[in-house]
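Working notes for the structure below.
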Amino acid sequence: MRPARALIDLAALRHNYRLAREVTGARALAVVKADAYGHGAVVCARALEGEADGFAVACIEEALELREAGIRAPILLLEGFFEASELELIDAHDFWCVVHSAWQLEAIEQARPSKPLTVWLKMDSGMHRVGFFPQDYAAALARLKALPHVAKVVLMSHFSRADELDCPRTEEQVAAFQAVREVAGQGHEVSLRNSPGILGWSEVPSDWVRPGIMLYGATPFEQAHPLADQLRPVMTLESQVISIRELPAGEPVGYGARFIADRPVRVGVVAMGYADGYPRHAPDGTPVFIDGKPSRIIGRVSMDMLTVDLTDLPAAGLGSRVELWGPNVPASDLAARCGSIPYQLFCNLKRVPRVYSGE
């Protein structure tokens, strides 16, 4: 059996969720959209259900998967519904629903659910993707509050640059939100803080927080941060050395001869490639750990294999364990080297079986 696999530490997942709650004192929706960022939504939700205040997903298909797996906690649809007909499923399965556009608001006004709905009303405070503009927000809230079949409205927005701790944009967005909130009234719960907001913006009000990338143990920041340093990586991507080559100086390795040996080199071939989700553009020198010791990638990553330098690791050989990312190789560091982000690394994972621990 091919040795590539992703080890998922559910105890670390719970640790990171608890950190989000502890540092904010708020209720927290664990964001498990995109198959829990590649970690497995059903298993992760089951691991958290005993203590999570609820979950957040992108769409109703993801929410239905959790309900069908027996998850009974609240589930928020972060993009709301895409067709008015979905409101029947929202009603039947007790989903919470984001409303971010006028047509969704109109559909809810026309709906006749069997029980009152919980709606999260989204403001575009500066992200400029979806949400009601500030000048339209209070009127949208008033329309929802006037509906007998809407039980509760949570006020929310989303930050565009909270991962940049010295950027004033987050403060500008909070100010825009608070100005409208004063007009709309203070008697509503608020949700503003995503992962960087939780870790880096303690003064921002939030009755509900939405931990996403931090839940999986990756920092949203480019620089070190004391709270982010407390996160525990949930996923370790690993494989094994499956072949060894001894090459003299001057010989190339891999497609395009990107790497040319400047000394006699011992090359290890690893069962891992871009078809597994490892970034093809990882440069020479990208760190890996082999049997717990640091090494590096040499040569281009191919579809099913990559090559590493074993020259200074005489004890390494066939079957040696290779950590591609995890506790020793932070996904955020790898992503930075590859011009990517840890979100993309996790979500791009495929073909690799997941092995769970800490259940």
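Values in this text are rule-based calculations from the coordinates and carry no lab data. Only a predicted model underlies this, so the values are computations on that prediction, with no experimental measurement involved. Cβ atoms come from the backbone with ideal geometry, glycine included; neighbour counts cover every protein chain shown.
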| task | Report the calculated FRET efficiency for PHE82 and GLU251 (r = Cβ-Cβ distance, R0 = 45 Å), to the nearest 0.05. | result | 0.25
| request: Determine the shape class of the stretch 10-218: with a ≥ b ≥ c the square roots of the Cα gyration tensor eigenvalues, call it rounded for a/c under 1.5, and otherwise prolate if a/b is greater than b/c, oblate otherwise. | output: oblate
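So for HIS39, HIS100, HIS128, HIS15, fewest C-beta neighbours within 10 Å to most, what's the order? Intermediate values should be presented prior to the final figure.
Values: HIS39 26, HIS100 22, HIS128 9, HIS15 17.
Sorted ascending by nearby Cβ count, the order is HIS128, HIS15, HIS100, HIS39.
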| request: Starting from the Cα of LYS122, draw a straight line to each of the aspartates and glutamates and keep only those under 13 Å, dropping any in the same chain fewer than 8 residues away. | output: GLU79, ASP136, GLU189
| Least to most buried among TYR17, TYR137 (fewest other Cβ within 10 Å first) | TYR17, TYR137
| said: What is the sum of charges, Lys and Arg at +1 and Asp and Glu at -1, for the other residues whose Cβ falls under 13 Å from the Cβ of ARG245? | reply: -2
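Calculate for the chain the 222 nm mean residue ellipticity that helices alone would give, adding -39,500 (n - 2.57) per DSSP H run of length 4 or more and normalising by residue count, nearest 500 deg cm²/dmol.
Calculated at 222 nm, the ellipticity per residue is -8000 deg cm²/dmol.
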| said: Under the √(5λ) rule applied to the eigenvalues of the Cα gyration tensor, what semi-axes describe the equivalent ellipsoid of the stretch 1-79? Give them in Å, descending. | reply: 21, 18, 11
| task | For the stretch 256-359, just the Cα atoms, rotate onto the principal axes and tell me the three extents in Å, largest first. | result | 43, 29, 22
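Which percent, to the nearest 5, of DSSP beta bridges fully inside the chain are antiparallel?
Just about 50 percent of them are antiparallel.
Checking the a/c ratio against 1.5 first, then a/b against b/c, what shape does the Cα gyration tensor give for the chain?
Note, shape of the chain comes out prolate.
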| field | Neighbour-count ranking [beta-carbon atoms within 10 angstrom, fewest first] of SER202, SER191 | value | SER202, SER191
| remark: Length gained, ARG18-ASP291, 0.36 nm per residue minus C-alpha separation, equals 95.1 nm
| R0 = 22 Å: FRET efficiency of ARG112 with LYS152, Cβ-based, nearest 0.05? | 0.75
| task | First select every other residue whose beta carbon is under 10 angstrom from the beta carbon of PRO353; then total the charges, Lys and Arg +1, Asp and Glu -1. | result | +4
| task | Using R₀ = 45 Å, calculate the FRET efficiency as 1/(1 + (r/R₀)^6) where r is the Cβ-Cβ separation of MET303 and PHE133; round to 0.05. | result | 0.45
| request: With a cut-off of 19 Å, note down the residues of the stretch 192-218 whose backbone N falls inside the zone around a label point 7 Å from the Cα of ARG161 toward its beta carbon. | output: 193-204
| task | Pop out the Kirkwood hydrodynamic radius of the stretch 145-264 from its pairwise C-alpha distances, inverse of mean 1/r, in Å to one decimal. | result | 18.7 Å
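Could you sort out which of LYS33/LYS115; LYS293/LYS350; LYS33/LYS293; LYS33/LYS152 sit more than 29 Å apart by Cα distance in this structure?
In this structure, LYS33/LYS293 lie more than 29 Å apart at Cα.
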| task | Kindly express, to the nearest 10 degrees and within the range 0 to 90, the angle between helix 134-145's C-alpha long axis and the longest C-alpha principal axis of the chain. | result | 60 degrees
